[in-house]
Amino acid sequence: MSTLTLSIVVVFVFGYLCIALESLTKINKAAVALLMFVVCWTLFMVDPAAYLDSAVGGDVASAAGSVIERHLGSTSTTLFFLMGAMTIVEVVDQNGGFNFVRGAIASKSKRALLWRIAFITFFLSAILDNMTTAIVMVMILRKLVSDHKDRIIYASLVIIAANAGGAFSPIGDVTTIMLWNKSLITAGGVIKELFLPSVASMVVPALLLSYSLKGELAPIDGAAAATVSGDFSEGQRKAVFFVGVGGLIFVPIFKSITHLPPFVGILLVLGALWTVTEIFYRSVHSDGDESMQKRVVNLLSRIDLSTILFFLGILMAVACLETIGVLAAAGDWLNTTFDGNHYLVTGIIGVMSSIIDNVPLVAGCMGMYPMAEVGDMAQDGIFWQLLAYCAGVGGSMLIIGSAAGVVVMGLEKITFVWYMKRVTLIAFAGYLAGIVVYWLERTFLF
């Protein structure tokens, strides 16, 4: 490893530690992530020719700029998807769309609510995606649980259940979509063989977390429990819900029909929901400021920009590691060290995905391991299905290990250290349980 490459890795590791110790340093994680992004790429530009083989006409600086812009474009699709999804959920929530859903799952028992939240999150994540589902469920939790200490326990389970639900669905997680698009897994194969392991990875943590919740929920205060009844009718609120949430379900269908990136579908849904709510507000006769504050143009200002900037910084810093070949080198080392043991290789990749974004990890694996005609590396082979499971579920072990975790971290202000102390081992237990279930399936059923 060259001195320059080592310097970039050191900057990333130091920045990561600062993010992990945010509660001690009192420095916002978004600020650290942005510094990581800029410093890593600045060091890269010291000698970009060392990492680029395709500089056209010797113009290395121009080629390096193109690489950065390509990664920025890829990252921006995630950011626009996140901003669109957050806005849609906020509009639905502020205009009463979740009122009847909240009523359907509400329970006075803390443990009963935990199991309802777990299973709804699990199946909804398979239909939507883990990030969008996490936003929806946190908004509902805010209407049901007043005690923040209890709510962050539920929110932690939302992260675990959302990632578990996304792992067995070809459209539930970015990594499964990548593997599906490359024909490394099939929709039927991944659903049939990863469903039970994914259930295990959710049920075991839910069971363990349930011991920390006893008794009944405290009454929700008036402000948090307030329902929107002064502006829209019950029918209009349900229409807002079905346009918003139904539109989110339509996003993967829109992608499969048009082959456009998912963020385009999200913007389509946002535009449709914006139009519907504006039409509804034309019939609302209210001279107060409250109604105006619930319109999309005002709700846009409530988007958590620090979370967006954190995503930008961390994804671009990881992209730098990918460009300099660190991720590929790590994959080669795993392949050499654990040759032939797909359970160990994918299991370690899953643990790594809780530290480093799972998208470049999976992309690196797809490049390193060619698909075979038969055997464990064939379509729907053990390696590819375990990779889908481990990369998806493994991100639950740290709160910044998945898109769902980062979103919940921003929404509920959960600290990295609290999650690591209270949830990491629980999530790891579920992760291992799923791998064991998959091994049993492969050994005795398939």
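Of note:
- Rough spin-label spacing in nm, given labels placed 7 Å along Cα→Cβ, for residue 283 and residue 207: 5.0 nm
- The chain - convex hull of alpha carbons, volume per residue in Å³: 158 Å³
- For the pair the stretch 305-345 and the stretch 412-446, the centres of their Cα atoms are 20 angstrom apart.
- Think of the chain as a dipole: +1 on every Lys or Arg Cβ, -1 on every Asp or Glu Cβ, centred on the Cα centre; then among 242, 11, 431, 242 lies furthest on the positive end.
- Residue 380 versus residue 242: modelled label distance in nm, points set 7 Å from Cα along the beta carbon direction: 3.6 nm
- Legend: residue pairs 143/255; 149/214; 26/149; 29/143, Cα-Cα distance threshold 22 Å; pairs beyond threshold, 143/255; 29/143.
- The stretch 111-228: relative contact order as a whole-number percent, Cα under 8 Å and 6+ apart: 34 percent
- Among the cysteines of the chain, those with no neighbouring cysteine Cβ under 4.7 Å are 18, 365, 390.
- Across the stretch 156-173, computed HN-Hα scalar couplings (Karplus, 6.51 cos²θ - 1.76 cosθ + 1.60, θ = phi - 60°) run 5, 5, 4, 4, 5, 5, 5, 5, 5, x, x, 6, 9, 10, x, 10, x, 8 Hz from first to last residue, x flagging Gly and Pro.
- Mean ellipticity per residue at 222 nm, deg cm²/dmol - from DSSP H runs of n ≥ 4 across the chain, formula -39500 (n - 2.57): -24000 deg cm²/dmol
- Expressed as a whole percent, the accessible surface of the chain that belongs to carbon and sulfur atoms is 66, based on a 1.4 Å probe.
- Amide H contacts of residue 369 (H built 1.01 Å from N, in plane; Pro and chain starts excluded): no residue 5 or more places away or on another chain comes under 5 Å.
- On the basis of the beta-carbon distance and an R0 of 51 Å, residue 304 and residue 444 show a calculated FRET efficiency of 0.65.
- Where trypsin sites (Lys or Arg not before Pro) fall in DSSP loop in the stretch 67-151, at most 14 other Cβ within 10 Å: 108
- For residue 380, residues with placed amide H under 5 Å, excluding near neighbours: 185, 186
- Across the stretch 70-83, coupling constants 3J(HN,Hα) worked out from phi with the 6.51/-1.76/1.60 Karplus curve, θ = phi - 60°, read 5, 5, 5, x, 5, 5, 4, 4, 5, 5, 5, 4, 4, 5 Hz, and Gly and Pro carry x.
- Compared with the alpha-carbon gap, the fully stretched path from residue 413 to residue 74 is longer by 119.3 nm at 0.36 nm per residue.
- Nearest-20 debye value, the chain charge dipole, Cβ charges on Lys, Arg, Asp, Glu: 1300 debye
- Considering only alpha-carbon pairs that sit under 8 angstrom and 6 or more positions apart, the relative contact order computed for the chain is 25 percent.
- Selection from 270, 298, 96, by position along the positive dipole direction of the chain (Cβ): 96
- Sequentially through the stretch 131-145, phi angles give Karplus couplings (6.51, -1.76, 1.60; θ = phi - 60°) of 5, 5, 4, 4, 4, 4, 5, 5, 4, 5, 4, 4, 8, 10, 10 Hz, Gly and Pro residues having no value and appearing as x.
- Spacing of the two label points (7 Å from each Cα toward its C-beta) at residue 297 and residue 105, in nm: 3.3 nm
- Per-residue SASA entry for residue 59, accessible area with 1.4 Å probe, Å² rounded to 10: 70 Å²
- Long-range HN-HN contacts of residue 95 with modeled amide H, under 5 Å: none
- Surface/4 estimate of mean projected area, convex hull on alpha-carbon atoms of the stretch 10-132, nm²: 12.1 nm²
- Electrostatic bookkeeping for residue 89 treats Lys and Arg as +1 and Asp and Glu as -1; over the other residues with beta carbon under 13 Å from its beta carbon, the sum is -1.
- Near residue 416, once Lys and Arg are set to +1 and Asp and Glu to -1 for all other residues with Cβ below 11 Å from its Cβ, the sum equals +1.
- Length available on full extension from residue 192 to residue 66: 0.36 nm per residue minus the Cα-Cα distance, which gives 41.2 nm.
The values are calculated or read from the model by the stated rules, or taken from the named source; none is laboratory data. Values in this document were obtained by computation on a predicted structure and should not be read as measured data. Reconstructed Cβ throughout: ideal geometry from the backbone, glycine too, with neighbour counts over all protein chains shown. With ligands, DNA and RNA removed, areas are computed over all heavy atoms of the protein, side chains included. Shrake-Rupley method; radii C 1.70, N 1.55, O 1.52, S 1.80 Å.
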